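The values are calculated or read from the model by the stated rules, or taken from the named source; none is laboratory data. Keep in mind the model is a prediction, meaning the values are calculated, not measured. Glycine also receives a Cβ, built like all others from the backbone with ideal geometry; neighbour counts cover every protein chain displayed. Keep in mind that these areas ignore ligands, DNA and RNA; they rest on the heavy atoms of the full protein, side chains included. Shrake-Rupley method; radii C 1.70, N 1.55, O 1.52, S 1.80 Å.
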Amino acid sequence: MTKRFITTPIYYVNDSPHIGHAYTTLAADVLARHYRTKGADTYLLTGTDEHGAKIFHAAENFGSRKSEVGSWNQNEKFKIVQEFTDKISQEFKNAWKLLDIRYDQFIRTTDPKHEKIVGEFLVKVKEAGYIYEGEYEGLYCVGCEEYKKADDLVSGECPIHKKPVEKIKEKVWFFKLSAFGDQIINLIESGALKIFPAERRNEVLSFIKGGLEDIAISRSKVEWGIPLPWDKSQTVYVWVDALLNYYSAPIIAGQEIFPPDIQLIGKDILRFHAVIWPALLLAADLPLPKQLVVHGFFTIDGRKMSKSLGNTIRPAELVDQFGVDGARYLLLSQFPFGGDGDFSLEKLTTAYNARLANDLGNLLQRVLVLINKNKINIQPSPTPLRCAGVDVLLEQFNFDGALAEIFQLASNANVEIDHEKPWKLAQLKTQSGKLKTVLTSLYCQLETIAVSLAPFLPGTSEKILAQLKTLKPEPLFPKKV
Ligand code: MSP
């Protein structure tokens with residue numbers, strides 16, 4: 001059976017993971033779990049992006065050792081930066097473990113195996129005639145690790161990082177991106193390379209139709225990177241290095257799964273994935289990914305999440321407050337996946353109490369208590385039915401819609417209890433058949449809820465199924481005040 005290959009972006013190790021990173025990785029985990037439950041062989045790749053000036057500066061500034069940097073020799077510098085990337089990369093692994101995210105491979109771009117594959121890939125592209133030497137003169141934002149045009153700036157600054165950009169003039173190697181515009185347009189328009197949602201697809205198409213320029217794929221003054229095999233005075237541009245992780249990872253793991261089936265990304269990195277990435281693959285005569293799935297960005301209480309505003313939320317904080325599955329639920333349910341949305345801590349507690357503690361937790365308690373009290377004999381189904389609507393919604397990347405559908409089942413079941421009043425049926429001998437029917441139906445509905453929740457809230461799904469088996473009610477989600 002062919003494997004479904006799903007990827008997340010690889011995260012910069014300049015800072016510890018926050019819930020923005022968790023959002024993409026969690027969505028990928030839910031998709032992978034969903035396909036696995038359906039019996040499809042699935043491979044989930046994630047990892048960390050560890051080269052470039054941005055990471056180098058973060059490592060220099062770490063632990064207020066900036067003043068010592070000047071005295072370090074090359075070897076010391078690299079050792080210290082590597083230690084820093086090891087530490088932050090491990091923090092990403094810890095965060096994914098905490099959130100019960102199950103990946104098949106975690107790639108790090110400082111892995112020498114990746115570095116070697118990147119070099120070989122670029123040699124191939126150069127031999128195919130798509131790489132040439134030149135001089136780059138222009139602007140560069142280290143925060144974005146991106147070449148900028150004057151009209152990308154607002155008041156002379158990068159609008160994302162609100163900082164002045166660098167002016168650079170250096171000898172570099174260029175990639176003939178301009179040669180691939182028409183091919184990429186055809187691939188996107190024909191659906192061979194799908195981009196979800198449609199607005200993002202249109203955005204990319206109009207960008208490419210505006211004309212593509214060749215891009216610099218090396219830097220001459222960035223030491224912390226992969227040296228170009230044919231010109232060791234240069235290192236590979238960090239975005240080219242990073243995008244190639246999707247190609248190197250399967251080779252490193254000995255998996256014949258390339259190209260990716262689904263690549264999840266945030267809207268900020270769409271152009272890299274929809275333009276540079278396919279062009280590099282076309283230049284190397286390799287197959288293209290099948291689909292890019294792009295999500296929006298979320299703000300915290302109406303403000304952009306950033307280190308300087310001090311409103312960054314770490315995955316551990318959410319898990320401490322709401323538990324693993326509480327955090328998973330809240331991250332994916334608060335707004336539609338494709339769009340932007342606001343993540344308000346106040347709304348989180350309300351949503352947690354209403355949906356998880358009340359609708360779901362109380363339902364399970366009520367049904368189990370009624371079954372026990374009335375000594376109803378019910379056997380668990382060997383293969384409980386999943387809610388079909390949820391599968392459809394998930395495969396359309398409608399994570400919040402799929403969750404809403406499952407929680408609607410719970411709220412319907414609560415309405416059914418209030419309507420059927422099993423406690424009244426229990427008082428009438430003539431109604432014992434009806435009582436059993438009502439409670440059996442509620443029991444089966446809980447089974448469906450549990451199995452449908454499995455990709456989203458794996459621990460809770462197991463707990464519900466276990467409690468349905470033992471009929472011993474235990475609180476799922478303690479109410480928050
Ligand atoms: N290293 C590059 C990606 C290379 S992929 C070949 C990068 N890293 S990043 O750490 O800055 O961000 C990666 C991703 O994190 C974003 O594309 C997005 O998926 C996610 N998010 C970061 N902040 C976010 C929000 N505030 N909201 C939602 N997602 C966010 O870019």
Fill in the blank from the handout: DSSP beta bridges in the chain: the antiparallel percent, rounded to 5, is 50 percent
Handout entry: Simple spin-label estimate for Asp182 and Glu199 in nanometres, 7 Å along Cα-Cβ
Key = 3.2 nm
Practice task
Quick one: net charge around Leu193, please, counting Lys, Arg +1 and Asp, Glu -1 for every other residue with C-beta under 11 Å from its C-beta.
Solution key: +2
Handout entry: Entries in Lys171/Lys304; Lys232/Lys267; Lys176/Lys232; Lys126/Lys169 that, when Cα-Cα distance is taken, lie over 27 Å
Key = Lys171/Lys304; Lys232/Lys267
Practice task
Could you look at the range 116-192 and say what percent of its accessible area is carbon and sulfur, using a 1.4 Å probe and all protein chains?
Solution key: 50 percent
Practice task
For Lys436, list the lysines whose Cα falls under 19 Å from its own Cα; do not include residues on the same chain fewer than 8 positions away.
Solution key: Lys373, Lys375, Lys421, Lys424, Lys469, Lys472
Handout entry: Built amide H within the under 5 Å cut-off of Thr42, gap 5+
Key = Arg4
Practice task
Among Val123, Trp72, Leu98, pick out the residue whose Cα is farthest towards the positive end of the charge dipole of the range 43-191, where Lys and Arg carry +1 and Asp and Glu carry -1 on C-beta, about the Cα centre.
Solution key: Trp72
Practice task
Can you pull the one-decimal nm distance between simple spin-label points at Lys472 and Arg271, each 7 Å off the Cα toward Cβ?
Solution key: 5.9 nm
Completion exercise
Label model pair Lys421, Ile252: point-to-point distance (7 angstrom along the Cα→beta-carbon line) in nm is 6.5 nm
Fill in the blank from the handout: With the 1.4 Å probe rolled over protein heavy atoms, the range 218-358 has an accessible area per residue in Å² of 35 Å²
Problem - Pairs of Cα atoms farther than 15 Å apart, the range 267-355, % - result: 68 percent
Exercise for the section: Among DSSP beta bridges lying fully in the range 221-309, give the percent that are antiparallel, nearest 5. Expected result: 45 percent
Practice task
Compute the Rg/Rh shape ratio of the range 133-214: radius of gyration over Kirkwood radius, all on alpha-carbon atoms.
Solution key: 1.04
Practice task
Report the Stokes-Einstein translational diffusion coefficient (µm² s⁻¹, integer) for the chain, Rh taken as the Kirkwood radius over Cα pairs, at 37 °C with viscosity 0.692 mPa s.
Solution key: 133 µm²/s
Exercise for the section: Taking the dipole about the Cα centre of the range 266-365, with the C-beta of Lys and Arg at +1 and of Asp and Glu at -1, give me whichever of Asn311, Leu280, Leu270 is farthest to the positive side. Expected result: Leu280
Practice task
Would you kindly calculate the translational diffusion coefficient of the range 178-293, applying Stokes-Einstein with the Kirkwood radius from alpha carbon pairs, for 25 °C and a viscosity of 0.890 mPa s, and quote it in µm² s⁻¹ without decimals?
Solution key: 162 µm²/s
Practice task
Excluding Phe456 itself, calculate the net charge of residues whose Cβ lies under 9 Å from the Cβ of Phe456, where each Lys or Arg counts +1 and each Asp or Glu counts -1.
Solution key: +1
Problem - Positive minus negative residues near Trp224 (Lys, Arg vs Asp, Glu; Cβ under 9 Å) - result: -1
Completion exercise
Convex hull around the C-alpha positions of the range 354-433: the volume in Å³ per residue is 111 Å³
Problem - Of all accessible heavy-atom area on the range 418-481, the percent that carbon and sulfur account for (1.4 Å) - result: 59 percent
